[in-house]
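Inspection log for the structure reproduced underneath, given as structure tokens.
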Amino acid sequence: MRYYSTRSEREATAAEAIARGLAPDGGLYVPEALPHLSEAALRALCAADYRARAVAILRLFLPEFTETELTRFAAAAYGENFDDPAVAPVRALDETTSFLELWHGPTCAFKDMALQMLPHLLTASLKKCGERRRVCILVATSGDTGKAALQGFADVADTRIMVFYPHGGVSDVQRLQMVTQEGGNVAVSAVNGNFDDAQTGVKQIFGDGALAARLSENGWFLSSANSINWGRLLPQIVYYFSAYCDEVNAGRIAMGDALNFVVPTGNFGDILAGWYAKRMGLPVRRLICASNENNVLTDFIRTGTYNKNRPFHVTASPSMDILVSSNLERLLYALSGSGEETADYMRALRETGRYTVTAPLLGKLQSEFSCGFCDDDRTRAAIGAVWRTHRYLMDTHTAVAYQTLCDYRRETGDQTPAIVVSTASPFKFCDHVLAAIGGSADAPGVQLIDRLSETTGIPAPAPLARLARRAVRFDGCVERADMPRAVERFLA
Ligand SMILES: *Cc1c(COP(=O)(O)O)cnc(C)c1O
């Protein structure tokens, strides 16, 4: 299978696409065609465990990788590091609603599903491309990605990882998760500034040719672990198939019945993986894109105009506080079939902050996607209501999706069985969750972990419960201008 850039349609192999991340023309890599799974293949998946399901899907897209390699990667990525043997278990709420829990990995958020796999795919891809230098991953994070990337790359041979986060700009729990990270190849630093400062700093480092040359002489090159890399998107297709199989195995649907998925969306990576699964033959009726008050995508799917010129809201679901959903570019390319058209939209976005898609493209989009959004008040109300009625505890991101599903069902009457994609443990956002179920949230985040556990009788995930007792390893803070020097020191 070959890969193409969404902008110039230049070709690459799977290993090249993963090793490069971004295409040389600034576009994203997409597979030339989507493999189709027959019903027999789907039945075979139903009989397999999560690791075998992952191998079966990944190998369709990665011809240069052997089944033995992929089996080894899946065993390492989805093993004891997950606290549930099902890896991504599905929990039924009522007759037609289930949650797909993607937060049983080491950092308690769904980014583990991809970032536990990416280091294996990336290091193997670099070898296949003949790269001799070692790779240093640089990440600017607003919270979840930094920790998940650290955990994924910790002690991976021939790699290092350095994470920058905005000083005072991440939650107490998120900061402690990062600064207590173990591993001999990791570094974490605060940046004096906000998330944009940290991200701009990292982008400048990537664009610094002189720095790259100096690092290269010492055998290093820099790469990124963000969600534009095909190696991060691909592992996410697996859990849509896995969830479907689990619903069949539980007798909640019959093989061939359609499901709806509702996905709490930020960068559009998670829901795009669901659309790929649908195009590969998974019986999915509608993909419902759920947003918080930063509802750029709701407006886009309703009107065909993407417009990021609007106020930015800091919400209770911070991992969805995004105004530019970079993975949407892959969908635009697939639906328009044109690199030129996609490049035009992206240029308009860069220059004016907005673009409007053609009527045929909007028609295709609306034939598969629905959308909705939910503000913080309704998010908290949903957490409280589901807790009181079902004794099921949702985090804020999951609650946005759940409430959007309720709205969708009321507006459309579509009662197709639905899966709510649950992206974080409620213990990661204790303050909002406690407040939502009537508790008090007047203490630092780590203390609230115990309080939420006592209030609900639900044990906190082990990695979070241990947090308060772990030693802080990284207490440094740099000015933005000093970030390049911090990277050079780390790699010296
Ligand atoms: C990253 C994240 C999301 C958004 O996922 P996208 O792939 O960026 O759309 C939703 N919820 C949580 C908890 C996340 O960490």
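Here are the numbers for this structure:
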{"quantity": "Local net charge near Glu16, Cβ-Cβ under 14 Å (Lys/Arg +1, Asp/Glu -1)", "calculated": "0"}
{"quantity": "Percentage, to the nearest whole number, of Cα pairs in the range 215-324 over 20 Å apart", "calculated": "54 percent"}
{"quantity": "Counting DSSP beta bridges with both ends in the chain, the antiparallel % (nearest 5)", "calculated": "25 percent"}
{"quantity": "Eligible aspartates and glutamates near Lys111 by straight Cα distance, threshold 13 Å, same-chain separation 8 or greater", "calculated": "Glu101, Asp144, Asp270"}
{"quantity": "Dimensions (Å) - the range 82-236, Cα atoms, principal axes, largest first", "calculated": "60, 40, 26"}
{"quantity": "P(r) tail fraction, the range 1-126 - alpha-carbon pairs more than 17 Å apart, %", "calculated": "65 percent"}
{"quantity": "Label-point separation in nm, Asp414 to Glu39, each point 7 Å along Cα→Cβ", "calculated": "2.3 nm"}
{"quantity": "Cysteines having no other Cys beta carbon under 4.7 Å from their own, within the chain", "calculated": "Cys108, Cys129, Cys136, Cys374, Cys406, Cys430, Cys477"}
{"quantity": "Listed residues His313, His167 arranged by accessible area, highest first, probe 1.4 Å", "calculated": "His167, His313"}
{"quantity": "Share of carbon and sulfur in the accessible heavy-atom surface of the chain [1.4 Å probe, %]", "calculated": "48 percent"}
{"quantity": "Qualifying lysines (Cα of each under 16 Å from Cα of Lys364; at least 8 residues distant if same chain)", "calculated": "Lys278"}
{"quantity": "Rounded to the nearest 10 Å², the accessible area of Cys129 at probe 1.4 Å", "calculated": "60 Å²"}
{"quantity": "Å² per residue, accessible surface of the range 1-156 at 1.4 Å", "calculated": "38 Å²"}
{"quantity": "Protection proxy ranking of 17-23, 364-370 - average other beta-carbon atoms within 10 Å, highest first", "calculated": "17-23, 364-370"}
{"quantity": "P(r) histogram, all alpha-carbon pairs of the chain included - 20 Å bins from 0, percent", "calculated": "24, 61, 15, 0"}
{"quantity": "Distance histogram in 5 Å bins (all Cα pairs of the range 301-448, percent per bin)", "calculated": "2, 8, 15, 17, 16, 14, 12, 8, 5, 3, 0"}
{"quantity": "Whole-Hz couplings from phi, Karplus 6.51/-1.76/1.60, listed for the range 186-194; x for Gly and Pro", "calculated": "10, 8, 9, 9, 6, 10, 6, x, 9"}
{"quantity": "Dimensions (Å) - the range 176-237, Cα atoms, principal axes, largest first", "calculated": "36, 30, 28"}
{"quantity": "Per DSSP, loop GluC sites (Glu not before Pro) in the range 4-76 with at most 15 further Cβ within 10 Å", "calculated": "Glu32, Glu64"}
{"quantity": "Unit charges at the beta carbon, dipole of the chain: most positive-side option, Ala212, Val188, Ala40", "calculated": "Ala212"}
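The values are calculated or read from the model by the stated rules, or taken from the named source; none is laboratory data. Not measured: the values here are computed from a predicted model. For neighbour counting, all protein chains shown are included, and Cβ atoms are generated from backbone atoms with ideal geometry for every residue, glycine included. Only protein heavy atoms, including side chains, enter the accessible area calculation; ligands, DNA and RNA are left aside. Shrake-Rupley method; radii C 1.70, N 1.55, O 1.52, S 1.80 Å.
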